[in-house]
Amino acid sequence: MEIYLVGGAVRDALLDYPAEERDWVVVGSNPQQLLDAGYQQVGKDFPVFLHPETKEEYALARTERKRGHGYTGFEVHCADDVTLEQDLKRRDLTINAMARADDNTLIDPYGGQRDLENRILRHVSAAFAEDPLRVLRTARFAARYAHLGFIIAKDTIALMADIVDQGELEHLSSERIWSEIEKALGERHPERFIEALRECGALAALLPEVDQLFGVPQRKDYHPEIDTGVHTLMCLQQSALLASSPAVRFAVLLHDLGKGITPQEMLPRHIGHEKRGKPLVLQVCERLRAPNYFRELALKVCEFHLLCHKSRELRGKTLLKLLTETGGFRQSEMFEDFLTACEADARGRLGLEQRPYPQADYLRRARSLASAVSAQELQSQGLEGKALGDAIHRQRIRQLDQLRAGQST
C-alpha cells in the first residue's frame, strides 16, 4: 500500500498559496485493508475513508467510465491494481493531477507543474468532457487565480463549449450548480467566473437572466461603460473589494436584471427596471434554490438600490420606508450588506471606481435618529396600541425631515 498527497494541497504548495485542506490517494490497497487499519468509510459511490486520527480524506485509486448523463453517470473501478497515473488521469485539470510521495518526490505525469508556471488552466484528457460540473469548476479556478494571471487554455474552453452544446449542463442538480456558484462568488475575482462561463456559452444555459444583460445600452452620463453586462462585471469586482460575503456579491450580480427586459423603444433609459427585475431575481433564486438570506438580500438590493443612491434627497416618509424595508431597525446585518451592495453598484462604473459613497453614512445616521425616538416618552403622554405606533411613526418622519433640511443648509 502506497499513500500520496494529491490535488489542491500539491497545487497550492507549488504556488505558495494557502491550502484549505489535504486529500490523499491510496494505491495498492482495498476497502477491507483500510477498515482493518481503523479508517472510517464515508464514500457511497466509491470508497473514501477518514483517517482514524487526522480525519483527512483518503480515497482508493480509481478509474471511471461514463455510463450516463451529468456528474453522477459514471461506472467506478476501484481495485488494488489501479495505478497512481490512472487515478490522476481521471482528474479535471493538469494542475490538479499531481501527487507528492512520502519522500517529497513530485509525480506529475500530465504537465501540471509546467502549466502552473505558464499560468494555464488545461484539461488532463478528453475525459474532461464527461463531467459537466467541470465547466463550473474550471470557471471557479479562473476566478480564484485570476490575480496570478491564470487563463483557461483555448482547447479547454472548446471542450467546455462542447459540454454546453450537448446539453449536459441540464443534468446538473440545482444543489451542485449553487454550490459552485457560491464558492466562485467567494473567490478574489468572482467577475472572472462569470466571464469564463460566458466564453463557453454556459452563462446563457445557467443564468440566462444575467447573460442577456450583455449588449444592453445604458445612458452614458450615468454609465460611461455603457454596456449593462460590463457594468454588472465591474460591480461584481467592486463588491469583492468591499466585502467577503458571497451573499452581497450575489445580490450585486442580480441587481440590474430588469434592464435585460427594458422595452427596446425606451433604451438607453431604464425607468422602472427595479420593479421589472424583482420577478427575475426570484426566478433565479428559486431555480438555483438559493438560501433564504441570499434571496432576501438580492430582492432588497434589486428593488431599493436607486432609492439608496438618492437617499439624501428623500423626504422623511420615503426615507423611513427605505430604512424599514432594508432591515434598518430589525436586521442590522441585512442593512449593512444592502449598503455595501449599493456602494458596489455606484462604483462599478468606468472611471468612477474610487468615488466616495456618502449615502451609506447618511443612511446609518438616519437610522440612528429614527431609532432614538422614545416610545417611553410617548407612553407617558397616555398613548398606547395603534395610537402609540402612529405617534412613533410620525415622530420618526419629523426627525428624518429635519435631517434632510439640516444637510441642505
**OP:** Inspect all residues belonging to region 368-389 and state whether any of them is in contact with a helix residue (DSSP H, G or I) (Cβ under 8 Å, 6 or more places away or on another chain), closer than 23 Å to VAL248 by Cβ and surrounded by 20 or more Cβ atoms within 10 Å (Cβ to Cβ).
**Re:** no
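Results for (1) within 17 Å of GLY258 (Cα to Cα); (2) touching a residue at least 40 places away in the same chain (Cβ under 8 Å); (3) part of a loop (DSSP other than H, G, I, E, B); (4) among the polar types (S, T, N, Q), shown as yes or no for each residue.
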site	(1), (2), (3), (4)
CYS302	yes, yes, no, no
HIS305	yes, yes, no, no
GLY328	no, yes, yes, no
PHE335	no, no, no, no
ALA341	yes, yes, no, no
ALA344	no, yes, no, no
LEU350	no, yes, yes, no
GLN354	no, no, yes, yes
Subject >> Residue in region 254-296 that is surrounded by the fewest Cβ atoms within 10 Å (Cβ to Cβ), counting only those that are out of contact with any Lys or Arg (no Cβ under 9 Å at 6 or more places or on another chain), among the charged types (D, E, K, R) and part of a helix (DSSP H, G or I) >> reply: GLU265
Subject >> Residue selected from region 129-153 under the condition over 12 Å from LEU197 (Cβ atoms) and of a type in the set (A, V, I, L, M, F, W, C), by the criterion surrounded by the fewest Cβ atoms within 10 Å (Cβ to Cβ) >> reply: LEU148
Subject >> Search result, residues across region 262-288 that are without any contact (Cβ under 8 Å) to a residue 24 or more places away in the chain and over 24 Å from SER174 (Cα atoms) >> reply: PRO263, GLN264, GLU265, MET266, ILE271, GLY272, HIS273, ARG276
Original post:
Quick one: which of ALA370, ALA290 is farther than 27 Å from GLY260 by Cβ and of a type in the set (A, V, I, L, M, F, W, C)?
Top reply: ALA370
Subject >> Residue check for PHE304: surrounded by 17 or more Cβ atoms within 10 Å (Cβ to Cβ) and in contact with a Pro (Cβ under 8 Å, 6 or more places away or on another chain) >> reply: no
Subject >> Options GLY68, GLY43, GLY38; residue that is in a loop (DSSP other than H, G, I, E, B) and at pLDDT 90 or above >> reply: GLY38
**OP:** For GLY229, indicate whether it is over 19 Å from the mean Cα position of the chain (by Cα) and outside any loop (DSSP other than H, G, I, E, B).
**Re:** no
Subject >> Which numbered condition ALA204 fails, given (1) among the small types (Gly, Ala, Ser); (2) buried (at least 23 other Cβ atoms within 10 Å of the Cβ); (3) out of contact with any Cys (no Cβ under 9 Å at 6 or more places or on another chain) >> reply: (2)
Subject >> Residue tally, condition closer than 24 Å to ARG140 by Cα and either modelled with pLDDT of 90 or more or surrounded by 14 or more Cβ atoms within 10 Å (Cβ to Cβ) (or both), over region 20-35 >> reply: 4
Subject >> Filter result for LEU14 (aliphatic (A, V, I, L, M), buried (at least 16 other Cβ atoms within 10 Å of the Cβ) and assigned to a helix (DSSP H, G or I)) >> reply: yes
Subject >> Residue pairs meeting the criteria (Cβ under 9 Å; at least 6 apart or on separate chains; first closer than 23 Å to ILE194 by Cα, in region 219-231; second of a type in the set (Asp, Glu)) >> reply: THR228/ASP256; GLY229/ASP211; HIS231/GLU225; HIS231/ASP256; HIS231/ASP345
Original post:
Among the listed residues ASP102, ASP131, ASP108, which satisfies the condition of being acidic (Asp, Glu) and modelled with pLDDT of 95 or more?
Top reply: ASP108
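The values are calculated or read from the model by the stated rules, or taken from the named source; none is laboratory data. Note that the structure is predicted; figures quoted are calculated from it, not measured. Backbone-built Cβ (ideal geometry, glycine too); neighbour counts: all protein chains shown.
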